[in-house]
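K.L.:
Take a look at this one; I'll ask things after.
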Amino acid sequence: MTREARAFWLRTPGVGEIRPCLLPTPGPDEVLVRTLFSAVSRGTETLVFGGHVPADQYAAMRAPFQEGDFPAPVKYGYLNVGLVEEGPERLRGRTVFCLYPHQSAYVVPADAVVVVPDGVPAARAVLAGTVETAVNALWDAAPLVGDRVTVVGAGMVGCAVAALLARFPGVRVELVDVDPARAAVAAALGVDFAAPDDATGGRDLVVHASASSAGLQRSVDLLAAEGTVVELSWYGDRPVTVALGGAFHSRRLTVRASQVGMVAPARRGSRSFADRVALALDLLADPVFDALVTGESRFADLPDVLARLHAGDLSALCHRISYDEE
């Protein structure tokens, strides 16, 4: 029976630490979960780690089970897979996904966890939050059969979007990134790859996920007339510029935001948050998503891992955290 746990906290911007914590006794509608794996959502979590959440976004950027407040001290994260040790009979012994921070065990309401399907390994299920973001983005983008689609930014979210787009009939997907090493990931996902200067133009749809002004500008430049850029990047407190002169208006181009904090309008009346994450987990039965996991570390090393990711000393798409030593 687990009653003590260890949690990762951002003590001050740029400095993380592992802290002990005591767990409450689960109530009748709660579960006690022992973590098997968590994962670092590199884009958002490195911005949080560096203290770059804008003050006017403190409330909007709170994670579901966050403790503390931005910029620090704060316990933040939302990709967690664990084993239910106590709780309702239907959940006991099941592997579940939860939008919980990096912590060795935790107690949450039973309806906050989603059962991982039998065909999805726990180590891959940590991608559920990322694939959920990609699902929501494609509900927003609504690609059509035969569309010419580019994804700019081969990070964790961009690669998840590309993997899903590759399933659409007649859609030829090109993944664009400044890092030539991402070509191997694109090949594993079954999509084309190009450097920004070599990217194919005349696109019906571009999904932007590079979190850079240059990437956003290139996305706009790649559009065909009346094409759309779906913007997935979150820039924190960094200013972003994009040229909207020239042919932007005459070609009737569109730039629209997509964000996972709300179910896309196209499905808001028929899908809940739980439905969306359950769909993401079902999609993760495909082993192609293993290409998104490019590193793994022990939980005890997480403070150093996040510091290296933030500094750019560690290259990763999804960096998985293992709790074997717990």
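K.L.:
Please determine, by comparing only the residues of segment 167-216 that are among the β-branched types (Val, Ile, Thr) and part of a loop (DSSP other than H, G, I, E, B), which one is surrounded by the most Cβ atoms within 10 Å (Cβ to Cβ).
P.N.:
In this case the residue turns out to be Val191.
K.L.:
Test Ser219 against the criterion of being touching a His at 6+ places or on another chain (Cβ under 8 Å), outside any loop (DSSP other than H, G, I, E, B) and closer than 25 Å to Glu45 by Cβ, and give yes or no.
P.N.:
Yes.
K.L.:
Say we look at segment 261-315 and pick out the residues that are free of Cβ contacts under 8 Å to residues at least 12 places away in the same chain and among the hydroxyl-bearing types (Ser, Thr, Tyr); which of these is surrounded by the fewest Cβ atoms within 10 Å (Cβ to Cβ)?
P.N.:
Ser270
K.L.:
Return yes or no: is Val151 closer than 22 Å to Thr254 by Cα and either touching a helix residue (DSSP H, G or I) at 6+ places or on another chain (Cβ under 6 Å) or basic (Lys, Arg) (or both)?
P.N.:
yes
K.L.:
Sticking with this one: What number of residues in segment 23-35 are out of contact with any Pro (no Cβ under 8 Å at 6 or more places or on another chain), aliphatic (A, V, I, L, M) and surrounded by 23 or more Cβ atoms within 10 Å (Cβ to Cβ)?
P.N.:
1
K.L.:
Considering only residues that are outside any loop (DSSP other than H, G, I, E, B) and either acidic (Asp, Glu) or in contact (Cβ under 8 Å) with a residue 60 or more places away in the chain (or both), which ones fall in segment 66-81?
P.N.:
Glu67, Val74, Lys75
K.L.:
Oh, and also: So which residues in segment 124-175 are closer than 22 Å to Ala285 by Cα and of a type in the set (Ser, Thr, Tyr)?
P.N.:
Thr130, Thr133
K.L.:
A follow-up question, please. Of the residues that sit in segment 82-91 and are farther than 19 Å from Leu302 by Cβ and touching a residue at least 12 places away in the same chain (Cβ under 8 Å), which one is surrounded by the most Cβ atoms within 10 Å (Cβ to Cβ)?
P.N.:
Once the filter is applied, the top-ranked residue is Gly87.
K.L.:
Name the residue, out of Ala188, Ala199, that is closer than 23 Å to Val131 by Cα and not assigned by TED's automatic domain parsing to the domain that holds Ser41.
P.N.:
Ala188
Results for (1) over 17 Å from Leu10 (Cβ atoms); (2) β-branched (Val, Ile, Thr); (3) in the same structural domain as Val206 (by TED's automatic domain parsing), shown as yes or no for each residue.
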{"position": "Glu86", "(1), (2), (3)": "yes, no, no"}
{"position": "Gly93", "(1), (2), (3)": "yes, no, no"}
{"position": "Leu99", "(1), (2), (3)": "yes, no, no"}
{"position": "Val107", "(1), (2), (3)": "yes, yes, no"}
{"position": "Ala110", "(1), (2), (3)": "yes, no, no"}
{"position": "Pro117", "(1), (2), (3)": "yes, no, no"}
{"position": "Ala137", "(1), (2), (3)": "yes, no, yes"}
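K.L.:
Still on this model: Which residues, counting only those in segment 38-65, are over 14 Å from Gly129 (Cβ atoms), of a type in the set (Val, Ile, Thr) and not in a helix (DSSP H, G or I)?
P.N.:
Val53
K.L.:
Can you tell me which residue among Ala285, Ala274 is among the aliphatic types (A, V, I, L, M), farther than 20 Å from Cys159 by Cα and not in a strand (DSSP E or B)?
P.N.:
Going through Ala285, Ala274 in turn, the sole match is Ala274.
K.L.:
What pairs can you find where one residue is in segment 1-21 and buried (at least 17 other Cβ atoms within 10 Å of the Cβ), the other is of a type in the set (S, T, N, Q), and their Cβ atoms are less than 6 Å apart, with a gap of 6+ or different chains?
P.N.:
Ala5/Gln103; Ala5/Ser104; Arg6/Ser104; Ala7/Gln103
K.L.:
Pick from segment 92-127 the residues that are charged (D, E, K, R) and farther than 19 Å from Ser297 by Cβ: which of them is surrounded by the most Cβ atoms within 10 Å (Cβ to Cβ)?
P.N.:
Within segment 92-127, the match that is surrounded by the most Cβ atoms within 10 Å (Cβ to Cβ) is Arg94.
K.L.:
Among the candidates Phe49, Phe65, which residue alone is at pLDDT 95 or above, over 25 Å from Leu284 (Cα atoms) and in the same structural domain as Leu317 (by TED's automatic domain parsing)?
P.N.:
Result of the check over Phe49, Phe65: Phe49.
K.L.:
Hey, another quick one. Quickly run through segment 222-239 and pick out the residues that are in a strand (DSSP E or B) and under 18 Å from the mean Cα position of the chain (by Cα).
P.N.:
Selection gives Val230, Glu231.
The values are calculated or read from the model by the stated rules, or taken from the named source; none is laboratory data. On a predicted model such as this, the values are computed, not experimentally measured, just so you know. Backbone-built Cβ (ideal geometry, glycine too); neighbour counts: all protein chains shown.
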